[in-house]
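Quick notes on the structure that follows.
Since every read-out is calculated from the coordinates, none of them should be taken as a lab result. Predicted, not measured: the structure shown is a model, and the values here were computed from it. Note that each Cβ is placed from the backbone with ideal geometry, even for glycine, and that neighbours are counted across all protein chains shown.
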Amino acid sequence: MINIYDTANQLEREIRQLPEYSAVQEAFTNVQNNEEAKGIYSAYTAVQNEMHQKMMSGAMPTPEDQAKLQEVGQKVEANEIIRELLTAEQKFSGLVQEINTIIMKPIQEIYEGRK
């Protein structure tokens with residue numbers, strides 16, 4: 001009998017060996033080791049979380065919120081160390097999306113009437 005959790009745990013171990021994972025890990029370490037990048041990245045994630053919480057509660061971002069997001073976004077774009085992290089995250093995210101598509105294929109086929 002197949003234990004799906006064993007398969008999932010094996011996938012997790014293999015993901016940790018991928019160059020895309022290593023790139024995110026290295027880029028994040030670089031951000032953490034640079035005080036300027038670390039501060040900007042921290043502000044960026046805080047603003048993102050704040051916006052997300054507002055939207056989840058049904059509130060729309062205010063013009064002040066949008067200005068804050070734009071300001072921190074410009075700082076992120078100007079910082080090469082953070083840009084490298086975001087690029088690495090984007091590549092890794094694409095890989096995860098491809099894996100998710102494969103995992104969800106049986107369910108998709110049910111709704112499409114295929115087996």
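Results, tabulated for the structure shown:
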item	result
Normalised contact order of the chain, rounded percent, pairs of Cα under 8 Å and 6 or more residues apart	30
Extreme residue, positive dipole direction of the chain, given options Ala8, Asn79, Leu69 (C-beta unit charges)	Ala8
Cα-derived Rg over Rh, computed across the chain with Rh taken as Kirkwood radius	1.10
Lys, Arg +1 and Asp, Glu -1 on Cβ, resulting dipole of the stretch 19-112 about Cα centre, debye, nearest 20	140
C-alpha long axis of helix 4-15 to longest principal axis of the chain, angle in °	50
0 to 90° range, to nearest 10: angle between helix 19-32 axis and the chain longest Cα axis	20
Degrees between helix 80-112 axis and first principal axis of the chain (Cα, 0 to 90, nearest 10)	30
Lys pairs under 22 Å by Cα in the chain, provided they are eight or more residues apart or on distinct chains	7
